[in-house]
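The values are calculated or read from the model by the stated rules, or taken from the named source; none is laboratory data. The structure presented is a predicted model; accordingly, all values stated were derived computationally and were not measured. Virtual Cβ from ideal backbone geometry, glycine too; neighbours counted across all protein chains shown. Heavy atoms of the whole protein, side chains included, go into the accessibility calculation; ligands, DNA and RNA do not. Shrake-Rupley method; radii C 1.70, N 1.55, O 1.52, S 1.80 Å.
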Amino acid sequence: MLKVGVLGAGHLGKIHLRLLNQSEKYILVGFYDPDEINAQKVCKEFGYTYFANINTLIEEVDVVDIVTPTLSHFDCAKKAIEKGKHVFIEKPITNTIEEAETLIALAEKHKVKGQIGHVERFNPAFLSVKHKVDNPMFIETHRLAEFNPRGTDVPVVLDLMIHDIDVILSVVPSKVKNINASGVSVISNSPDIANARIEFENGCVANLTASRISLKNMRKSRFFQKDAYISVDFLEKKVEVVKMKDAPEQPGDFDMILQNAEGEKKQIYFENPEIAPNNAILDELETFADAIANNKTPVVSLADGTEALRVALAIISSFENNN
């Protein structure tokens, strides 16, 4: 079992603490939080060990789980990596690309592993169909959330849309060619609603919409590819898979047949993949433990987190160019 310490005991930090405490792959050594009043409260309520000094905690563990505000990700991760500790960093990886690339270089130098908390990669609905997403040519995503003051210190792209950016980059086997985006600030000082169009070198186009001032929550992605349509509802943990194949010579009475302008006939059929329930946050933390134990590349590597940030910042830059 790996000894782990958590930096940050806010809303998400408390979830990480609880799951790491339950995990059979980690021993939770304790946590650090700069807000001593909050730290003592967490200590009293849950019984986790509080470290008043960040460096002392880092010295005591094998893995540092960083669940602090984005602006402090780089400093916390740098401290940990330079002490030879593996790092799990909540998304986004850092505040800038330069910081992210520095962490990649440091991790290679000190021979440690890093994983980024892009939790939707572990969503059971997405896991059930990921192997069926094959060279999609059009992708549409909607990630809408009701207003919550927590998270409005950053643009909606870094708060919400980055989840979909990471998922898209994980299934499109091509480099980004062009990005065009627009964003609108309604309540916050940074954009609350955003739309982005990402064009890839292989011809795939992704259209992403994110809002944090919606009247209802929605997290849906649709993938269109040759002879298939795949819909993933990340919120409701549901999927739809509609496929087409050449129609049989003698269709059955209940077969759904389409004929195109060239006279080609296709049969439509539906697949219902089994969705295995899981705890996505626990899964991402435990697969990181497996990557360390087996010397494998983590599911969401530091490089993956850097690419998601690179696209997110390009989208934000496109807002400014379009205004």
Do you know which residues across region 183-209 are among the polar types (S, T, N, Q), at pLDDT 95 or above and either touching a helix residue (DSSP H, G or I) at 6+ places or on another chain (Cβ under 9 Å) or open to solvent by less than 20 Å² (accessible area, probe 1.4 Å) (or both)? T209
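Listed here are the residues, each with its yes/no results for (1) more than 19 Å from R222 (Cα to Cα); (2) at pLDDT 95 or above; (3) in contact with a strand residue (DSSP E or B) (Cβ under 8 Å, 6 or more places away or on another chain).
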| residue | (1), (2), (3) |
| --- | --- |
| E140 | no, yes, yes |
| R150 | yes, no, no |
| I162 | no, yes, no |
| V171 | no, yes, yes |
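With respect to T96, is the statement that it is of a type in the set (V, I, T) and under 21 Å from A303 (Cβ atoms) true? Break it down stepwise before answering.
Working: of a type in the set (V, I, T): yes; under 21 Å from A303 (Cβ atoms): yes.
Taking the combined requirement at face value, the residue satisfies it.
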For P173, which of the numbered conditions (1) open to solvent by 60 Å² or more (accessible area, probe 1.4 Å); (2) under 21 Å from R121 (Cα atoms); (3) free of Cβ contacts under 8 Å to residues at least 40 places away in the same chain; (4) touching an Asp or Glu at 6+ places or on another chain (Cβ under 9 Å) fails to hold? (4)
Looking only at region 210-261, filter to residues that are within 30 Å of P191 (Cα to Cα) and among the basic types (K, R); which one of those is surrounded by the fewest Cβ atoms within 10 Å (Cβ to Cβ)? K216
In region 16-67, what count of residues is obtained for those that are in a helix (DSSP H, G or I) and either closer than 24 Å to E284 by Cα or among the β-branched types (V, I, T) (or both)? 16
Of the conditions (1) at positive phi; (2) open to solvent by 30 Å² or more (accessible area, probe 1.4 Å), G8 satisfies every one except a single condition; which number is it? (2)
Pick from region 262-291, criterion open to solvent by 60 Å² or more (accessible area, probe 1.4 Å) and not hydrophobic (A, V, I, L, M, F, W, C), ranking: farthest from K3 (Cα to Cα): E262
Extreme residue, surrounded by the fewest Cβ atoms within 10 Å (Cβ to Cβ), among residues of region 47-69 that are acidic (D, E) and either in contact (Cβ under 8 Å) with a residue 40 or more places away in the chain or within 20 Å of V119 (Cβ to Cβ) (or both): E60
